[in-house]
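Visitor: The structure's right below; bear with me while I get my questions together.
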There are 2 protein chains.
Amino acid sequence: MKINISERAFKSPASAIRKLVPLADKAKKKGIKVYHLNIGQPDMATPKPIINAIKKFSRDTLEYAPSEGIHETIAAWQKFYHDKSVKFDQSEIIVTSGGSEGLILAFLTVTDPGDELIVFEPFYTSYAIMAAMGNIVLKALPTEVETGYHFPPKVMIEKAISRKTRGIVLCNPNNPTGTMYTSQEVRMIADIALKHNLFIISDETYQEIVFDDKKVLPFMSFTKLHNQLIVADSVSKRFNSCGARIGCVASKNKEVMAAIMRFAQARLSVATVDQLALIPVLINSRQYTEQVKKNYKKRRDMVVSELRKIKGVSFVVPEGAFYIMPRIPVDDSDKFAEFLLNDFSDHRETVMIAPATGFYKNPQKGKDKIRIAYVLSEEKLQRAIRLLGMALEKYNRKK
Amino acid sequence: MKINISERAFKSPASAIRKLVPLADKAKKKGIKVYHLNIGQPDMATPKPIINAIKKFSRDTLEYAPSEGIHETIAAWQKFYHDKSVKFDQSEIIVTSGGSEGLILAFLTVTDPGDELIVFEPFYTSYAIMAAMGNIVLKALPTEVETGYHFPPKVMIEKAISRKTRGIVLCNPNNPTGTMYTSQEVRMIADIALKHNLFIISDETYQEIVFDDKKVLPFMSFTKLHNQLIVADSVSKRFNSCGARIGCVASKNKEVMAAIMRFAQARLSVATVDQLALIPVLINSRQYTEQVKKNYKKRRDMVVSELRKIKGVSFVVPEGAFYIMPRIPVDDSDKFAEFLLNDFSDHRETVMIAPATGFYKNPQKGKDKIRIAYVLSEEKLQRAIRLLGMALEKYNRKK
């Protein structure tokens, strides 16, 4: 007798970012060097204080941490926010296993099966998987490459709100587009949440990585909104420590925090060594984030200047994170991504990108776009984007 | 306007094991020493190779691990099973953040909202929280202290199966009762799963910790069952490394593993340092588990002999894990647990236990029982159980 998995498991999408990995492995086995622009895994060294803290771990027993997090780690997150003029009590912060866990817990805390969350398309793939896990309907509002993926007009967003809508999920600056939403846009979302009594789930993983002297207006600056706001955060990108899996979820809504705590108890705790290792940089974040920002600014400029040289590629210069999602002259970005790994190389080198299809609810809309994560040195990025240009020409000639 | 959390978040129970923590903190602030028998956090030292591997971490960048786990960590889990004569391919193992994450992913993979999983009551509290997260109905079949919490007759289990039942969840030896299910019982569950086309979610966290020369019959020994079996496992207890948060989920059902992998991609990866740190003990597990087993055997014997001296306490000697759930002469185990922390001490010492109420769907059934985790030295256990005896007398005299 055949035994079936659940419908939610069956329907859960695969990660757009990771599904091409087997093809990349195959290319590497053939001796081809692959420039990875497909995943937000920065190449920069992890700050020394983190590595040193790991090496200095000196307990005899690797014990469970408290479910809410190690006290000192919570205090360190509090200090991190304080340094950004955002005030959370320690009881308003729970340490999570990366930003991802915080998002999952927040999703489950505000929705029941069949409830809706508003997201802006293209959106971070994991949102769709998390929605599948919790039987949540994502209402995806379109944003367009021509307008730099900024928000649609207020009236369009309000029209998407139904009786079932429980919240708005967004990431500023945005993954996958690199768009920094303006203060006006942030205010508009706050207004909508207040008017329609919705939660805002604010993914702030990239918040300090913004260029050209811009600065993100945090939702926490709207006092009226505090009871409706859940912040999900992560050390991964700003401290080059993706593999530590340390994040946090923070909210001034006591009922929300109590519920997240109940859920968090089911997974007992977050890894002890990693929680301890992040303390030194969280309490002294500025010096790291300033440098990280400078590095990505130079990298963005390199990618932008190289992309401009490729015929048929269009985009608005992104202002944050380390992503860009240009339109490129191809019929099918999935096929093009496979072509890059299977059929193309120049001097035994190729490039791996994320087809944009996985960032859309309707994959069709992503067929003419790709996401580039500019997480390599400028020199490598120059070579990688030039490889992309060559591959585009070859791909289109082939047809 | 008041904004509400979701019904599933509202209804999620708090962990029975952790909810008394604030009272224990208060007692400690008053200068009272608390013997912790409330949580399965062993006091034994973590094996040196784990601590040494952490200290030797030498990468410059703390990168994401693959979503399925670091290749060498998967290979190490495979070796661990191989040494128990259980054969999994590497593609049949995904590294998880503790056993808990594996259980959550398995629950979501086999059920849709409203579907049922059969558990045996008293059951591990986290099952109820995980069920709340996924809107799963737990069908709790009673087991009794008088019969050592062994399974009810087959006919009773089969009677509980409905059109909505998707699987049976169990832990052998069991948390919270310490019961080791016999080969006959394991075979009975396998038969039921085969006959009714159900999944078995087998929590094997304590599998080597069994006494008196007994041995658990693994579900993997039934070849016919392979397509219906999901193993959730953890390094926490057998290697005294709860804070590492390393576990795995393993199944020969390809569809199950593909679905778990899709879900796992949403959380990106498990902490890199911890995955690497566990490799040396996973590939050479016997020497650790043998010693661990010996230690707990002595501790169980101490607890049992001390409990026997207390009037009105009844139990069947448990054969595994490091738990015992005796019936004790109290009106309300929650009140008694609070009494221990708030109102009782002898020479400025007291003991913390887990009231059994949290291990039952209907808390009423646990009012006359407590769970003891014997995770302290024999000497401390002797003192702790004697404190329990004194407290029982005082508690009942007070009334």
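Visitor: Can we say residue A:273 is outside any loop (DSSP other than H, G, I, E, B), crowded, with 20+ Cβ neighbours inside 10 Å, more than 14 Å from chain B (Cβ to nearest Cβ) and of a type outside the set (S, T, N, Q)?
Guide: So residue A:273 fails the test.
Visitor: Still on this structure, I have one more. Taking the conditions exactly as written (of a type outside the set (S, T, N, Q) and in contact with a Leu (Cβ under 7 Å, 6 or more places away or on another chain)), does residue A:290 satisfy them or not?
Guide: For residue A:290, the condition - of a type outside the set (S, T, N, Q) and in contact with a Leu (Cβ under 7 Å, 6 or more places away or on another chain) - is not met.
Visitor: Go through the stretch A:162-187 and give me each residue that's within 14 Å of chain B (Cβ to nearest Cβ) and either β-branched (Val, Ile, Thr) or crowded, with 16+ Cβ neighbours inside 10 Å (or both).
Guide: Residues satisfying the conditions are A:165, A:166, A:167, A:168, A:169, A:175.
Visitor: Is at least one residue of the stretch B:120-140 surrounded by fewer than 20 Cβ atoms within 10 Å (Cβ to Cβ), touching a helix residue (DSSP H, G or I) at 6+ places or on another chain (Cβ under 8 Å), under 21 Å from residue B:220 (Cβ atoms) and more than 8 Å from chain A (Cβ to nearest Cβ)?
Guide: No.
Visitor: Here is a follow-up. So, of the residues in the stretch B:58-95 that are in a loop (DSSP other than H, G, I, E, B) and under 15 Å from residue B:280 (Cα atoms), which turns out to be nearest to the other protein chains (Cβ to nearest Cβ)?
Guide: The extreme case among them is B:70.
Visitor: Also: If a residue must be over 30 Å from residue B:43 (Cα atoms), of a type outside the set (Lys, Arg) and touching a residue at least 12 places away in the same chain (Cβ under 8 Å), how many such residues does the stretch B:236-265 contain?
Guide: So the answer is 10.
For (1) farther than 22 Å from residue A:250 by Cα; (2) part of a loop (DSSP other than H, G, I, E, B); (3) at pLDDT below 95, each residue gets a yes or a no:
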position: A:126; (1), (2), (3): no, no, yes
position: A:155; (1), (2), (3): yes, no, no
position: A:174; (1), (2), (3): no, yes, no
position: A:181; (1), (2), (3): no, yes, no
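Visitor: Next question. Suppose we filter the stretch A:119-145 for residues that are touching a residue at least 60 places away in the same chain (Cβ under 8 Å) and touching a strand residue (DSSP E or B) at 6+ places or on another chain (Cβ under 8 Å); how many remain?
Guide: Total satisfying the criteria: 9.
Visitor: Residue check: is residue B:26 surrounded by fewer than 24 Cβ atoms within 10 Å (Cβ to Cβ), of a type outside the set (A, V, I, L, M) and more than 10 Å from chain A (Cβ to nearest Cβ)?
Guide: It is true that residue B:26 is surrounded by fewer than 24 Cβ atoms within 10 Å (Cβ to Cβ), of a type outside the set (A, V, I, L, M) and more than 10 Å from chain A (Cβ to nearest Cβ).
Visitor: Restricting the first residue to the stretch A:50-62 and requiring it to be among the basic types (Lys, Arg), which pairs with a second residue that is assigned to a loop (DSSP other than H, G, I, E, B) meet a Cβ separation below 9 Å and a spacing of at least six or different chains?
Guide: A:55/B:56; A:55/B:57; A:55/B:58; A:59/B:46
Visitor: On to the next question. Which numbered condition trips up residue B:35, out of (1) surrounded by 14 or more Cβ atoms within 10 Å (Cβ to Cβ); (2) within 14 Å of chain A (Cβ to nearest Cβ)?
Guide: Of everything listed in (1) surrounded by 14 or more Cβ atoms within 10 Å (Cβ to Cβ); (2) within 14 Å of chain A (Cβ to nearest Cβ), residue B:35 misses just condition (2).
Visitor: What residue, among those in the stretch B:304-330 that are aromatic (Phe, Trp, Tyr) and assigned to a loop (DSSP other than H, G, I, E, B), is farthest from residue B:367 (Cα to Cα)?
Guide: Once the filter is applied, the top-ranked residue is B:322.
Visitor: Next question, about the same structure. Name the residue, out of B:233, B:191, B:212, that is surrounded by 21 or more Cβ atoms within 10 Å (Cβ to Cβ), touching a residue at least 24 places away in the same chain (Cβ under 8 Å) and not assigned by TED's automatic domain parsing to the domain that holds residue B:293.
Guide: Every option except B:233 fails the conditions.
Visitor: Here are the criteria: (1) in contact with a Cys (Cβ under 7 Å, 6 or more places away or on another chain); (2) within 9 Å of chain B (Cβ to nearest Cβ). Tell me which single one residue A:14 does not satisfy.
Guide: Only one criterion in (1) in contact with a Cys (Cβ under 7 Å, 6 or more places away or on another chain); (2) within 9 Å of chain B (Cβ to nearest Cβ) is unmet by residue A:14, namely (1).
Visitor: Here's another thing I want to ask about it. Between a first residue in the stretch B:382-394 that is closer than 11 Å to residue B:307 by Cα and in contact (Cβ under 8 Å) with a residue 12 or more places away in the chain and a second residue that is in a helix (DSSP H, G or I) and of a type in the set (A, V, I, L, M), which pairs have beta carbons less than 8 Å apart while being 6 or more apart in sequence or on different chains?
Guide: Here the result reads B:382/B:302; B:385/B:302; B:385/B:303; B:385/B:307; B:388/B:340, each pair linking the stretch B:382-394 to a residue that is in a helix (DSSP H, G or I) and of a type in the set (A, V, I, L, M).
The values are calculated or read from the model by the stated rules, or taken from the named source; none is laboratory data. The model shown is predicted, which means the values in this text are computed figures rather than measured ones. So basically every Cβ, Gly included, is an ideal-geometry build from the backbone, and we count neighbours across all protein chains shown.
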